[in-house]
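Readers should treat all values here as calculations from the given coordinates under stated rules, not as data from a laboratory. None of these values were measured; they are calculated from a predicted model. All Cβ positions, even for glycine, are placed from backbone atoms using ideal geometry, and neighbour counts span all protein chains on display.
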Amino acid sequence: MALDRISQCFSACRDENRAALGIFISAGDPNPETSEELLLGLPDAGADFVELGMPFSDPMADGPVIQAASLRAIKAGMTLDKVLKMAARFRHRHPDVPLILMGYYNPVYIYGVDQFLDDAMTAGVDGLIMVDLPPEEDDELCLPATEKGMAFIRLITPTTNDKRLPTVIHNASGFVYYVSITGITGTGSASADSIANAMARIRKASDLPAVVGFGIKDADDVREAGRHADGVVVGSAVVSIIAEHCDANGKAEPDTARKALDLVKQLKTGTPR
């Protein structure tokens, strides 16, 4: 069912001649209540699939915006077990919307890989993105996840050359995620030509849907990237709205989730081709 939800999502978007819109948020940011209100509201605001960040104390690939979100969530008491419980409530509310967990391997390793996968499947999680697990470590999590029917989504970067590309996507499933800039999240943006060239390279190597993320901030960015990609992911721009509507102690204003969802609605307007 996990892979079915992902494939059906991209198939439906292709039929509608638009890019799929993916939204990333950190689970528990800025507090569990506000985060869950936002998470549950994302599909109705226009998200076709959701990437739910698993907060980690050392998110090395993330820029300051998402690092701060992860730390706010941890300070508010978010744990991996609570992330999975949030995922289960999301699945109950939205039975057909793909939900991807994104994060780092250390919390999963401590939780226990087999237990984590069993609990994630029970919660209705569709796939995983582990930014610090290269294909050389597929035995750790990728292959066990795939065996249970959960997608394992690979990151492709501008520095992934033609020799490396087949290795990276060899055991990939669900979709391929192209990181459009070199560096951390929330910094810079890629040109349309570079995205178009990357999509062409990926499609030569894989039949999986190709999604682009990093550096996508507004509906115009979504529109430009979505002309070339099967899907577009926005993260830092949404998380920034959360940060802007928190006080110095990280306490959310009453309309924080609504403000973030308003941005998602605007982003959605950029998806038609």
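For the reader, a short list of remarks on this structure follows.
- Mean separation of Cα contacts under 8 Å (6+ apart) over length of the chain, as relative contact order %: 24
- Here the gap between Arg89 and Thr167, fully extended at 0.36 nm per residue and compared with their Cα-Cα distance, gives a gain of 24.5 nm.
- Taking a ≥ b ≥ c as the square roots of the eigenvalues of the alpha carbon gyration tensor, the range 112-246 is oblate, as a/c is not under 1.5 and a/b does not beat b/c.
- The orientation-averaged projected area of the convex hull spanned by the Cα atoms of the range 1-102 comes to 6.6 nm².
- Phi-based couplings in Hz for the range 37-49 (Karplus 6.51, -1.76, 1.60; Gly and Pro marked x): 4, 5, 4, 5, x, 4, x, 5, 7, x, 6, 7, 8
- When only Cα pairs below 8 angstrom with a gap of at least 6 residues are kept, the range 46-186 shows a relative contact order of 25 percent.
- For the chain, calculated [θ]222 nm from helices alone, where every DSSP H run of n ≥ 4 adds -39500 (n - 2.57): -14000 deg cm²/dmol
- Protection proxy ranking of 140-148, 119-127, by the mean of other Cβ atoms within 10 Å over each peptide's residues and highest first, is 119-127, 140-148.
- The Rg/Rh ratio of the range 50-94, with Rg taken over Cα atoms and Rh as the Kirkwood radius over Cα pairs, comes to 1.01.
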